[in-house]
1. How many residues are in contact with a strand residue (DSSP E or B) (Cβ under 8 Å, 6 or more places away or on another chain), in a helix (DSSP H, G or I) and open to solvent by less than 50 Å² (accessible area, probe 1.4 Å) when one looks only at the stretch 4-21?
2. Quick check on my filter: what residues within the stretch 22-55 are open to solvent by 60 Å² or more (accessible area, probe 1.4 Å) and within 19 Å of Thr3 (Cβ to Cβ)?
3. Suppose we keep only residues that are out of contact with any Asp or Glu (no Cβ under 7 Å at 6 or more places or on another chain) and either part of a loop (DSSP other than H, G, I, E, B) or at pLDDT below 95 (or both) within the stretch 60-71. Which one would you say is surrounded by the fewest Cβ atoms within 10 Å (Cβ to Cβ)?
4. If we keep just the residues of the stretch 76-89 that are out of contact with any Asp or Glu (no Cβ under 8 Å at 6 or more places or on another chain) and farther than 15 Å from Ile8 by Cα, which is surrounded by the most Cβ atoms within 10 Å (Cβ to Cβ)?
Amino acid sequence: KQTICDEIRDSGEAVVFDDASTDIKWSRHPVPVLYGFKSYCAFPVYLDDGSWFGTLCAIDPEPRQVSDEEIVRILTEFAARAGRILSRC
């Protein structure tokens, strides 16, 4: 319950923000404050049978422009690829 992964599992949606301290929603969220990070992106990873596996995420204590459309597209594809690979195990 001390991560954003639970929210991603519940919503099925990626979470991406460049700077928690300037983002209306995330500046008030306890997790970035607790762990001291500014930028964050996490994408749900599902196995081929549709079951939840986890997230592919990147966390940085510095602000980064992770919400760039191309970055989001690529990381979404990586998460899907990870799910396909994990399904073979």
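1. Here the count works out to 2.
2. Correct list: Lys25, Arg28, Pro30, Val33, Leu34, Tyr35, Lys38, Tyr46, Trp52, Phe53.
3. Among those that are out of contact with any Asp or Glu (no Cβ under 7 Å at 6 or more places or on another chain) and either part of a loop (DSSP other than H, G, I, E, B) or at pLDDT below 95 (or both), it is Glu62.
4. The selected residue is Ala82.
The values are calculated or read from the model by the stated rules, or taken from the named source; none is laboratory data. Because the structure is a prediction, the values reported are computed rather than measured. Neighbour counts are summed over all protein chains in view; Cβ atoms, including those assigned to glycine, are modelled from backbone coordinates with ideal geometry. The protein model used for the area step is the full one, side chains on, heavy atoms only, and it has no ligands, DNA or RNA in it. Shrake-Rupley method; radii C 1.70, N 1.55, O 1.52, S 1.80 Å.
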